[in-house]
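A short worksheet on the structure shown next.
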Amino acid sequence: MVIKQAVILAGGRGGRLMPLTKDRPKPMVEVNSKPFLEYLVGELKKNGIEEIIMLLGYMPDKIVDYFGNGEKYGLRIKYSITSIDDETGTRIRKVKKLLNEKFLLLYSDNYWPLNLEKICEFYARHNTLASITVYENKDGVTKNNTLVDESGLVKIYDKSRTDSRVNGVEIGFYILDKKVLDIMPEENFSFEANILPKLIEMKQLSGYLTSERYYSITTPDKISVVAKYFSSINLLK
């Protein structure tokens, strides 16, 4: 199985990053003089992605003007611009007609050294409608929210991060079958809060466990950590 399309959730206000997001959307916050989102685009290109769909809401022109049609990166970039108040699931549902039968979904504020071939192999082996990437979090950088069992199926997704049985952190980098959209409601909804529990109940959510740390720009104090990491691996210098 080969994935050639990626969908990036990039529509939120980025309130926790204020005042950095006063004049730009969260994924355009600079790390080592480049927008964080550009690192993700580079990682996707490196992994053979040919088309990216960016799901925008807050200050969309800042992203569209910077990335354009993707030609300068050697790929195609398309945009879906909807209400700032749209939640993650709603943004995905609204691009149904643009989606391939199978695609990669990721957040615009998490970086992880992607190995698309490996997670595709895992996904195909488990034959589920969806697969998520779960950081094992042995260094305790954040609170766990996901339980993956020995067979590779996700048994718990706990958005509140209070369940003591969980053994990792869901970091995005989903592989999704387009059929997942068939279980989406019509109202405004969160993909994580509404769809992940449904998939777990259906036994259609597998979890790729990784010990490779992820890096996030969700709060200002994390940006210096991300910058140091990117410098150490000479990423997009």
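The values are calculated or read from the model by the stated rules, or taken from the named source; none is laboratory data. Everything numeric here is computed off the predicted structure, so don't read it as measured data. As a convention, Cβ positions derive from the backbone with ideal geometry for all residues, glycine included, and neighbour counts pool all protein chains shown. Areas reflect the complete protein model, heavy atoms only, side chains present, ligands, DNA and RNA absent. Shrake-Rupley method; radii C 1.70, N 1.55, O 1.52, S 1.80 Å.
With K and R counted +1 and D and E -1, the other residues having a Cβ less than 12 Å from that of residue 210 yield a net charge of 0.
Once the other residues with Cβ under 10 Å from the Cβ of residue 166 are scored (Lys, Arg +1; Asp, Glu -1), what is the net sum? That works out to +1. Taking the charge dipole of the chain about its Cα centre, with +1 at Lys and Arg Cβ atoms and -1 at Asp and Glu Cβ atoms, the residue from 29, 2, 54 reaching farthest to the positive side is 29. Any chance you could tell me what percent of the C-alpha pair distances in region 119-167 go past 14 Å? Tail fraction, whole percent: 53. The residues of the chain expose on average 46 square angstrom of accessible surface per residue, using a 1.4 Å probe on protein heavy atoms.
With no solvent and one equal point scatterer placed on each C-alpha of region 139-237, evaluate the Debye formula and give log10 I(q)/I(0) for q = 0.16 Å⁻¹, two decimals. Listed by q, the Debye log ratios stand at -0.83. Among 99, 148, 19, whose Cα projects farthest towards the positive end of the dipole of the chain, with charges put on the beta-carbon of Lys, Arg (+1) and Asp, Glu (-1)? Projecting each Cα onto the dipole axis, the largest value belongs to 19. Altogether, the Stokes-Einstein calculation at 10 °C and 1.306 mPa s, with the Kirkwood radius of region 22-166 over Cα pairs as Rh, returns a diffusion coefficient of 92 µm²/s.
Placing R0 at 30 angstrom, the Cβ-Cβ distance between residue 163 and residue 13 gives a FRET efficiency of 0.60 after rounding to 0.05. Within the shell of other residues whose beta carbon sits under 13 angstrom from the beta carbon of residue 180, the net charge comes to +2, with Lys and Arg scored +1 and Asp and Glu -1. Compare the Cα positions of 77, 110, 89 along the charge dipole of the chain (+1 at Cβ of Lys, Arg; -1 at Cβ of Asp, Glu; about the Cα centre) and return the one farthest towards the positive end. Of the listed residues, the answer is 77. Based on C-alpha pairs under 8 angstrom that are at least 6 apart in sequence, region 44-134 has a relative contact order of 28 percent. Under 20 Å from a point placed 7 Å out from the Cα of residue 76 along the Cα-to-Cβ direction: which residues of region 104-123 have their backbone N that close? Taking a point 7 Å out along Cα→Cβ of residue 76, the residues of region 104-123 whose backbone N falls under 20 Å are 104-106. Take the Cα of residue 83, go 7 Å toward its beta carbon, and the backbone nitrogen atoms of region 7-45 under 18 Å from that spot belong to 10-14.
The chymotrypsin sites (Phe, Trp or Tyr not before Pro) of region 90-142 include none that meets both criteria, a DSSP state outside H, G, I, E and B (loop) and at most 11 other C-beta atoms within 10 angstrom of the site's C-beta. Evaluated with a Cβ-only charge set (Lys, Arg +1; Asp, Glu -1), region 155-237 carries a dipole of roughly 380 debye about its Cα centre, given to the nearest 20.
Using a cutoff of 8 angstrom between alpha carbon atoms and counting only pairs six or more residues apart, the relative contact order for region 1-160 works out to 27 percent.
A Cβ-based charge dipole, computed about the Cα centre of region 1-128 with Lys and Arg at +1 and Asp and Glu at -1, lands at about 180 debye. From the square roots a ≥ b ≥ c of the eigenvalues of the alpha-carbon gyration tensor of region 1-104, which class results: rounded (a/c under 1.5), prolate (a/b over b/c), or oblate? In terms of gyration-tensor shape, oblate. Overall, the accessible surface of the chain at a probe of 1.4 angstrom is composed of carbon and sulfur to the extent of 47 percent.
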